[in-house]
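Written below as structure tokens is the structure these notes are about.
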Amino acid sequence: MIRERLRTHIEGIVRPIGANFARKDQMREELLAGLTDLYEAEIAEGCSEEEALRRALDGFGDPDEIRREMQATVPLRERILFCGLSCPNWVAGEGWLRRVGRSVAQAHVRGPRESVVRHALRLTGGVGALLVVCLVPLLGITLAMRFVKHDSMQRFVFAGVVAGGALVASMLACFLFVLIGYGIQNELEDRFWGRRKGCCRLALYGFLSSLAILVSGLVFLGIAWSVLSFSREYLVALACATVAVPFIIWAAIWLGLAEFRRFGEWGDIEEKDEGGRMKDEG
Amino acid sequence: MKDITGNTLRGHLETLVLAILEKGEAHGFEILRRLKDESSGALNLKEGSLYPALYRLEEMGCIAGNWEGESEERARGPRRRIYTLTPKGEKDLAQRREEWRQFTTTIGRIVEGRP
């Protein structure tokens with residue numbers, strides 16, 4: 001239990017740092033080794049476990065300050081490259097978001113008595129609902145723009161609004177895919193733990209990547225079709241977003257899943273009670 | 001003697017770490033312990049503040065870190081990283097020593113009112 005709390009403390013420091021996986025793993029292991037040494041030294045001096053833990057955490061220093069200093073040691077190019085990871089980091093740090101994620105993920109997993117056909121139909125319905133969520137605001141903006149007279153300045157503004165809206169919708173889709181993927185991955189690994197683990201993961205990446213590209217492709221195709229009569233600037237902005245967003249989504253899913261997998265290995269940053277339940281779950 | 005904390009040491013921590021590693025390789029906790037021993041307990045550093053300094057020195061090529069081997073590895077728990085001074089670190093330490101001498105001579109002359 002104490003070891004778990006030491007690990008939780010270190011995870012709380014390292015998780016939000018923007019750096020590559022290898023660097024963060026090194027930080028995790030080294031900081032945990034240092035904190036463990038500190039704890040063991042306190043125990044050797046005759047402290048009780050709780051007192052030793054309190055003194056070790058105090059002697060280790062302020063987590064926020066350590067995190068800031070550790071972040072400053074990461075080269076700038078790496079910080080920029082891995083800034084996308086702050087999204088899953090943020091998700092993982094928010095208890096309510098993770099509960100939503102778990103619920104979303106569980107809704108996409110086949111029930112013990114559910115037939116494959118029913119499950120497939122339910123999944124299709126889920127993806128359809130996701131498409132509607134993404135499409136409705138964008139089509140709303142597009143339709144609203146048809147009623148506005150536009151000069152050259154307004155065309156730029158419209159192009160920006162639609163490209164921005166498309167990006168937000170795609171990020172929403174990406175966010176949901178990451179959460180769903182996390183849940184599905186856990187479920188698959190629980191059921192097929194062992195030999196098939198690697199195959200499941202590979203299949204899952206393939207499935208999610210294809211789905212993400214398909215959905216975003218459909219979204220942008222729909223918008224492009226409905227606004228073909230608009231200006232050249234508008235279409236250029238749309239084309240750029242169409243090309244860029246599937247790649248962004250794919251990368252975010254891949255990175256998100258990889259990061260989540262490490263969270264699994266390193267445990268939660270939330271405190272757990274004696275029964276192993278999250279404190280915020282009551 | 002009054003404790004010397006992290007803020008007072010800011011800017012000198014790297015030099016202290018290099019000086020400690022000159023006497024032999026060490027991991028983070030060991031460096032901290034040696035610092036405390038050699039200052040007769042006056043250097044009261046938070047262990048967490050040591051690692052960023054180690055990473056900075058490693059990035060500069062002044063020290064090299066290696067994970068402890070299987071034989072030294074504790075039966076359970078995380079591995080430590082053992083740091084050694086590199087040839088570049090030795091040169092850097094010599095330069096820092098020279099700068100330190102100049103600094104203490106100049107500042108000491110003013111603060112202590114020496115001619």
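The values are calculated or read from the model by the stated rules, or taken from the named source; none is laboratory data. The shown structure was predicted, so the numbers you read here are calculated from the model rather than taken from an experiment. Every residue, glycine among them, receives a Cβ derived from its backbone with ideal geometry; neighbour counts consider all protein chains shown. Protein only, heavy atoms only, side chains kept; ligands, DNA and RNA dropped before computing areas. Shrake-Rupley method; radii C 1.70, N 1.55, O 1.52, S 1.80 Å.
By per-residue mean of other Cβ atoms within 10 Å, what is the highest-first order of B:19-25, A:44-50?
Numbers: B:19-25: 15.4, A:44-50: 10.9.
In decreasing order of mean packing, B:19-25, A:44-50 become B:19-25, A:44-50.
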| request: For B:Ser40 paired with B:Thr105, estimate the spin-label separation in nm (one decimal), with each label point 7 Å from Cα along the Cα-to-Cβ line. | output: 2.7
| remark: Note, region B:13-25: 3J(HN,Hα) by Karplus (6.51, -1.76, 1.60, θ = phi - 60°), whole Hz, Gly/Pro = x, goes 4, 4, 4, 4, 4, 4, 5, 5, 6, 4, 8, x, 4
| query | Given charges of +1 on the Cβ of Lys and Arg and -1 on the Cβ of Asp and Glu, with all other atoms neutral, how large is the dipole of region B:6-111 about its Cα centre, in debye to the nearest 20? | reply | 340
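Of A:Arg77, B:Arg114, A:Arg23, which has the most accessible area and how do the rest follow, probe 1.4 Å? Spell out each step's value before the answer.
Numbers: A:Arg77 180, B:Arg114 115, A:Arg23 65 Å².
Greatest to least solvent exposure: A:Arg77, B:Arg114, A:Arg23.
Using 0.36 nm per residue, how much length does the chain from A:Ala44 to A:Ala22 gain when fully extended, once their Cα-Cα distance is taken away? Kindly include the intermediate steps, with their values, before the conclusion.
Values: separation 22, 0.36 × 22 = 7.92 nm, distance 3.27 nm.
Gain on extension, A:Ala44 to A:Ala22, equals 4.7 nm.
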| message | With a 1.4 Å probe and all protein chains kept in place, how do A:Arg5, A:Arg55 rank by accessible area, largest first? | response | A:Arg55, A:Arg5
| message | In whole Hz and in residue order, list the ³J(HN,Hα) couplings for region A:42-59 that follow from phi through the Karplus curve 6.51 cos²θ - 1.76 cosθ + 1.60, θ = phi - 60°; x for Gly and Pro. | response | 5, 4, 4, 7, x, 6, 6, 4, 5, 5, 4, 5, 4, 5, 5, 5, 5, x
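Relative contact order for region B:6-111 using alpha-carbon pairs under 8 Å, separation at least 6, rounded to a whole percent?
31
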| Accessible surface of B:Phe103 - all protein chains present, 1.4 Å probe, nearest 10 Å² | 100
| Within-10-Å neighbourhood charge of B:Arg56 [Cβ basis; K, R +1; D, E -1] | -4
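Within 10 Å of each Cβ of A:71-78, how many other protein chain Cβ atoms are there on average? If you can, show how the numbers build up before the last one.
Details: counts 1, 3, 9, 2, 1, 0, 0, 0.
For this peptide, the per-residue mean of nearby foreign Cβ atoms is 2.
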| Peptide B:45-58, shielding by other chains (average Cβ, 10 Å cutoff) | 6
| field | Two-site FRET efficiency, B:Arg97 against A:Glu65, from Cβ-Cβ distance with R₀ of 35 Å, rounded to 0.05 | value | 0.80
| Given H placed 1.01 Å from N in the peptide plane, which residues other than close sequence neighbours of B:Ile82 have an amide H under 5 Å from its amide H? | B:Asn66, B:Trp67, B:Glu68
| query | Can you pull the mean other chain C-beta count within 10 Å for peptide A:34-42? | reply | 5
